[in-house]
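The values are calculated or read from the model by the stated rules, or taken from the named source; none is laboratory data. Every value quoted in this text rests on a predicted model; they were computed, and no experiment measured them. Quick reminder, even Gly has a Cβ in these numbers, built from the backbone with ideal geometry, and neighbours come from all protein chains shown.
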Amino acid sequence: MIIKGEYIGKEVKITAADGLIYVGKVVELSGPEETESGGPEIGINYAGGITMFSESELESIEVIEKCNNN
């Protein structure tokens, strides 16, 4: 799994290694030098706060494309 800079500002569906699914907007990316885990981390706006995930905790990240029906 690779956390990419292109995810910032986009709505994503994250499947964690434990099988739990989280959906939210990516609001933060941290490099390995900035984290306690020693690896890159991604943060999403979830449940009224920012939830951070280290790369090792992720099964997958999927960008959610929004449809405009205008």
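Tell me which residues, restricted to the stretch 50-70, are more than 17 Å from residue 2 (Cβ to Cβ) and β-branched (Val, Ile, Thr).
50, 51, 64
Has the stretch 9-26 got at least one residue that is modelled with pLDDT under 90 and out of contact with any Lys or Arg (no Cβ under 7 Å at 6 or more places or on another chain)?
Looking for residues that are modelled with pLDDT under 90 and out of contact with any Lys or Arg (no Cβ under 7 Å at 6 or more places or on another chain), one finds none in the stretch 9-26, hence no.
Does residue 12 meet the test of being free of Cβ contacts under 8 Å to residues at least 40 places away in the same chain and either surrounded by 15 or more Cβ atoms within 10 Å (Cβ to Cβ) or not aromatic (Phe, Trp, Tyr) (or both)?
no
Give the number of residues within the stretch 15-39 that are in contact with a helix residue (DSSP H, G or I) (Cβ under 7 Å, 6 or more places away or on another chain) and without any contact (Cβ under 8 Å) to a residue 12 or more places away in the chain.
Count: 1.
Scan the stretch 50-62 and give yes if some residue there is in contact with a helix residue (DSSP H, G or I) (Cβ under 9 Å, 6 or more places away or on another chain), assigned to a strand (DSSP E or B) and either at pLDDT 90 or above or among the acidic types (Asp, Glu) (or both), otherwise no.
Yes: one or more hits.
Which pairs do you get when a residue that is touching a residue at least 60 places away in the same chain (Cβ under 8 Å), found in the stretch 41-70, comes within reach of a residue that is not polar (S, T, N, Q), reach meaning Cβ atoms under 8 angstrom, with the pair 6+ apart or on two chains?
61/1; 61/3; 61/7; 61/12; 61/13; 61/14; 61/42
Hey, can you tell me all the residues within the stretch 8-22 that are part of a strand (DSSP E or B) and acidic (Asp, Glu)?
11
Can you work out which of the residues in the stretch 15-51 that are under 18 Å from residue 64 (Cβ atoms), among the small types (Gly, Ala, Ser) and surrounded by 11 or more Cβ atoms within 10 Å (Cβ to Cβ) is farthest from the chain's Cα centre (by Cα)?
Restricting to residues being under 18 Å from residue 64 (Cβ atoms), among the small types (Gly, Ala, Ser) and surrounded by 11 or more Cβ atoms within 10 Å (Cβ to Cβ), the top hit is 16.
What is the residue count in the stretch 23-49 for residues that are assigned to a loop (DSSP other than H, G, I, E, B) and either basic (Lys, Arg) or within 14 Å of residue 2 (Cβ to Cβ) (or both)? Show your work before the answer.
Looking only at the stretch 23-49, we keep the residues that are assigned to a loop (DSSP other than H, G, I, E, B), and these are 31, 35-40, 47-48.
If we keep only those that are either basic (Lys, Arg) or within 14 Å of residue 2 (Cβ to Cβ) (or both) as well, we get 31, 39-40.
Final tally of qualifying residues: 3.
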